[in-house]
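**Q** Have a look at this one before I ask anything.
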Amino acid sequence: MPASVDIHIESPARFDRLQILVRLVLSIALGFLGLTTGWITCALYLVLPAVAAFFISSRGPVRYLAEVGPSLARMMAWLVGLHAYLLMVIDRPEVGRESADLRMEVHPAGHPTVQVAILRLFTSLPAALLLAVLLVPATLFALVGVVTVLVAETQAEPLLRFQRAVVSYAGRLAAYHAALVDTYPSFRLEPAGPGAMDLAAGAR
């Protein structure tokens with residue numbers, strides 16, 4: 001199977017106002033622990049290549065992809081889902097189930113080496129800088145989403161479409177950064193799944 005990262009996100013037709021309070025409490029709790037999303041992202045940028053290099057060195061590339069890869073992929077899926085939840089893209093924090101709003105599947109392949117894993121600190125930098133830029137409007141759109149959900153329990157589909165693409169980009173970058181795949185994340189945002197308006201249009 002070729003190396004790939006498949007991410008599918010479905011934004012609901014109506015959002016639960018109560019989940020905004022849950023997000024607020026969660027953000028405050030993480031803040032008290034010093035675990036802001038920005039801090040987590042920066043920590044992962046340093047940790048993932050180090051973890052990859054350690055396990056590649058101790059187990060070899062084949063066992064790293066086969067044994068460690070699935071656990072790393074599940075952790076990434078959970079974190080990507082957390083970001084999607086906090087960015088108002090999905091309305092449930094569950095990730096990985098068939099009925100989940102966000103599904104992320106990593107199909108590891110290749111022959112990563114310790115040198116490749118360490119070099120990801122540098123080769124991933126352009127994509128990481130682009131993600132940082134994209135997260136600025138994504139955060140602003142999330143604040144707009146909070147207002148529209150409070151007013152009408154819905155969000156503007158064009159904004160959600162952008163949000164889903166940014167979240168998907170973050171997931172593909174994480175898999176590359178951890179040396180699970182060799183495919184560099186494209187600088188072009190790609191669709192990550194339908195929203196309410198997309199599903200309604202497809203049903204016609």
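The values are calculated or read from the model by the stated rules, or taken from the named source; none is laboratory data. A quick note: this is a predicted structure, and the numbers were derived from the prediction, not measured. Using ideal geometry, Cβ is built from the backbone for each residue, glycine included, and neighbour counts are taken over all protein chains shown.
**Q** Please enumerate the residues belonging to region 20-76 that are among the polar types (S, T, N, Q) and either within 24 Å of Y169 (Cα to Cα) or in contact with a Phe, Trp or Tyr (Cβ under 8 Å, 6 or more places away or on another chain) (or both). First the steps, then the outcome.
**A** Keep residues of region 20-76 that are among the polar types (S, T, N, Q), which gives 27, 36-37, 41, 57-58, 71.
Scanning region 20-76 gives S27, T36, T37, T41, S71.
**Q** Conditions first: (1) at pLDDT 90 or above; (2) closer than 25 Å to L46 by Cβ. G110 passes all but one, so which condition is the exception?
**A** Evaluating G110 over (1) at pLDDT 90 or above; (2) closer than 25 Å to L46 by Cβ leaves (1) as the failure.
**Q** Okay, moving on. In this structure, does R164 turn out to be outside any helix (DSSP H, G or I) and basic (K, R)?
**A** Numbers: outside any helix (DSSP H, G or I): no; basic (K, R): yes.
Judged against the criteria, R164 is not a match.
**Q** Where in region 34-149 are there helices (runs of 4 or more DSSP H), lying wholly inside it, with at least 2 residues that are of a type in the set (S, T, Y) and exposed (fewer than 14 other Cβ atoms within 10 Å of the Cβ)? Spell out how you get there, then give the answer.
**A** On the way: elements: 37-59, 69-86, 114-123.
Counting at least 2 such residues, we get 37-59.
**Q** For region 135-151, does any single residue satisfy the condition of being out of contact with any Ser or Thr (no Cβ under 9 Å at 6 or more places or on another chain) and under 25 Å from A73 (Cβ atoms)?
**A** Checking region 135-151: at least one residue is out of contact with any Ser or Thr (no Cβ under 9 Å at 6 or more places or on another chain) and under 25 Å from A73 (Cβ atoms).
**Q** Still on this structure: Among (1) among the hydroxyl-bearing types (S, T, Y); (2) buried (at least 18 other Cβ atoms within 10 Å of the Cβ); (3) under 30 Å from F122 (Cα atoms), there is one condition S11 misses while meeting the rest; what is its number?
**A** (3)
**Q** For region 21-31, name all the residues that are in contact (Cβ under 8 Å) with a residue 40 or more places away in the chain and either crowded, with 16+ Cβ neighbours inside 10 Å or touching a Gly at 6+ places or on another chain (Cβ under 9 Å) (or both).
**A** R23
**Q** So, one more: Quick one: which residue in A174, A117 is more than 13 Å from the chain's Cα centre (by Cα), small (G, A, S) and under 30 Å from S58 (Cα atoms)?
**A** Details: A174 fails: more than 13 Å from the chain's Cα centre (by Cα).
A117 is the lone residue from the list that is more than 13 Å from the chain's Cα centre (by Cα), small (G, A, S) and under 30 Å from S58 (Cα atoms).
**Q** Can I ask one more? If you take the residues in region 12-29 that are aliphatic (A, V, I, L, M), touching a Leu at 6+ places or on another chain (Cβ under 9 Å) and assigned to a helix (DSSP H, G or I), which one is farthest from V151 (Cα to Cα)? Can you show your working first?
**A** In the first step, residues of region 12-29 are kept if they are aliphatic (A, V, I, L, M); the result is 13, 18, 20-22, 24-26, 28-29.
From what is left, the residues that are touching a Leu at 6+ places or on another chain (Cβ under 9 Å) are 13, 20, 26, 29.
Narrowing the set further to residues that are assigned to a helix (DSSP H, G or I) leaves 20, 26, 29.
Working: I20: 12, L26: 22, A29: 26 Å.
Top of the filtered list is A29.
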